[in-house]
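Every read-out reported here was derived from the displayed coordinates using simple, explicitly stated rules and does not represent laboratory data. All values reported here derive from a predicted model rather than from experimental measurement. When we count neighbours, we look across all protein chains shown, and the Cβ atoms used for this are built from the backbone with ideal geometry, even at glycine.
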Amino acid sequence: MTEKRGLWGSKLGFLLAAVGSAVGLGNIWRFGYMAYENGGGAFLVPYAIALVTAGVPLMILEYSLGHREKASPPLAFARVNRLWEPLGWWMPTVAFFGINLFYAVVIGWCFNYFLLAMNLSWGSDTGTFFFKEFLQISDSPFAFGGIRWPILAATALAWGVCWMICFREVRHGIEKASLIFMPMLVVLTLVLVGWSLQLEGAVDAVKRYYLSCDWSKISLFSAEGRKVWVAAYGQIFFTLSLGFGIMITYASYLPRKTDIVGNALMTCFLNCLYSFITGFAVFGTIGFMAQAKGVPFEEAIKAGPGLAFVVYPEAINQLPAGNRIFGALFFLVLIVAGISSMISLTEAFACSICDKFNTTRAKATSLMCAVGMVGSVIFTTRAGLYILDIVDHFINNYALVIGGILECVLVGWLLRAGRMRQHVNGCGGRRLWPVWDVAVRVITPVMLIIVVGGAIFQEFQGCYEGYPVKALLLFGGGILFASRLGSFVLSHFPWVPPRLLHKHEPDEEQLLT
Ligand code: PHE
């Protein structure tokens, strides 16, 4: 059965969906910590440079590729060069199997913690509670030790919500959800930031640790400083959801007349602004807790899951009033931010399947969500956190950035950036300057190659987090290899119908309002 390709109902709907994908768990628990680790306010310099030299050019690239070819990544790649189809499959495949499966489980943790917050049932020792009672973490990545049922149930809920949103046509599913989720996220976040900042010791911590600049940390003349630059590029990629073909997919639902450059700039700006603002809540709350418990700030702050599930509950315990509401609010923010990213990961893969096999959205998304749910089970076992950590490390350091390099070669060199720029400038929006050609052909890929080189170099400095080599190869190398193999296999099926390789006629000519 052939379905007509859907379109976004409004310009705002598309923008909010794209921002929804970009704003996720990474903005909340990754950005603040990275800023702290890497020189406080000074980190904003490499971050901004990474944004301008890699983030913005690639966002424009992904939007324009999806828009020009009106296709998901495999089809878009195949239309530019047939030999590149397997690489086009690789991006959504690795995003789905490498990120979405554990992203759903982390949202599941948040659902659990949302309920736990109602009674502060995590007790006073939040670290022991999280690792020993909640995750019941085993001793090694190979000791699965059975499934944690509350986590599995909540993960199924996350997949259920994702399915309910994705299986409808974009305009009625993802767009509607984004129009509800994003304003809700802004309001909840602002309440959280305001509340955090009026806690005792909060403003002081923000000034001392978040906004002060330690310029020596970002010096290009030291190995430590160069690491910070690599980290900034990695963060920009992850936070903008680039290199996974998500933005290609979202842009494929845009009508012919569209302001590609304006939308790309706006998506980048809103996402980074959100990260910057949530940083105030993170530093404020931790500053308050450090003061209340009389521990140094340096000891209180943690990265990743430790921040959300250990430090935050601890801070919530210390609040003078409204602990339960504050706790529920924080986990609700994580749930909303997480689900809007999860739907984008699901969409990119499901849309690729629809394009290739000409199946309906409902069928493709139902199948994907079922497969995703089964795949998530491994992360709900007692070794789940270890596997998650390893997979996340490899995907973030390699898959994303390699995806970005491939896109630059495809569009910058094979298609030629100038041709793509002509397309963008013919869409009736803001004009794209020729400097973009240089960025896409040279600056961005060179920067990204340096980033991958730096990551490989660090890999040989010692096993990541001291995990056994076997575990790193099996889970980290395994996911990269399996997704490559999967994409290779998928690309060998014939297109149904074969004419799909020829461009669609533009669906509609209208300009989104
Ligand atoms: N951008 C999201 C975040 O910051 C994560 C994400 C990455 C989502 C890639 C989709 C794709 O958390």
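Numbers below:
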quantity: Added length on full extension, which subtracts the Cα-Cα distance from 0.36 nm per residue, ILE147 to VAL371; calculated: 78.9 nm
quantity: Principal semi-axes in Å for region 366-458 [√(5λ), Cα gyration tensor, largest first]; calculated: 36, 20, 9
quantity: Trypsin sites (Lys or Arg not before Pro) lying in DSSP loop within region 188-237, provided at most 11 other Cβ fall within 10 Å; calculated: none
quantity: 22 Å Cα-Cα reach of LYS207 towards lysines, excluding residues that sit fewer than 8 places from it in its own chain; calculated: LYS217, LYS293, LYS302
quantity: Region 11-491, relative contact order [Cα under 8 Å, separation at least 6], %; calculated: 34
quantity: Extension gain from GLN318 to ALA48, taking 0.36 nm per residue of separation minus the Cα-Cα distance; calculated: 93.7 nm
quantity: Inter-label distance, nm, simple model (7 Å from Cα along the C-beta direction), GLU133/ILE325; calculated: 2.6
quantity: Distance (nanometres) between label positions extended 7 Å along Cα→Cβ at ARG82 and PHE269; calculated: 4.4
quantity: Approximate spin-label separation ARG430-SER121, in nm, with each point projected 7 Å along Cα-to-Cβ; calculated: 4.8
quantity: Whole-Hz ³J(HN,Hα) from phi, Karplus 6.51 cos²θ - 1.76 cosθ + 1.60, for region 150-157, glycine and proline x; calculated: x, 6, 4, 4, 5, 5, 4, 5
quantity: Partners for LYS11 among lysines (Cα-Cα distance below 23 Å; same-chain residues under 8 apart left out); calculated: LYS70, LYS176, LYS257
quantity: Sparsely packed chymotrypsin sites (Phe, Trp or Tyr not before Pro) within region 186-278, loop by DSSP, other Cβ within 10 Å at most 16; calculated: PHE221
quantity: Packing rank of 28-39, 469-480, where each peptide gets the mean count of other beta carbons within 10 Å, highest leading; calculated: 28-39, 469-480
quantity: Hz values of 3J(HN,Hα) by residue in region 21-36 - Karplus curve (6.51, -1.76, 1.60), Gly and Pro given as x; calculated: 5, 5, 7, x, 4, x, 5, 8, 9, 9, 4, x, 5, 5, 4, 4
quantity: Footprinting exposure proxy for GLU85, GLU465, GLU407, GLU69 (fewest neighbouring C-beta atoms within 10 Å first); calculated: GLU465, GLU69, GLU85, GLU407
quantity: Estimated 222 nm signal from helices in the chain, with DSSP H stretches of n ≥ 4 weighted -39500 (n - 2.57), rounded to 500; calculated: -19000 deg cm²/dmol
quantity: Globularity index of the chain, i.e. its alpha-carbon radius of gyration over 2.2 N^0.38 Å; calculated: 0.93
quantity: Derived scalar couplings ³J(HN,Hα) [region 175-188; Karplus, 6.51 cos²θ - 1.76 cosθ + 1.60; whole Hz; x for Gly, Pro]; calculated: 5, 4, 4, 5, 5, 8, 5, 5, x, 4, 5, 5, 4, 4
quantity: For region 245-330, projected area of the alpha-carbon convex hull averaged over all directions, nm²; calculated: 7.9
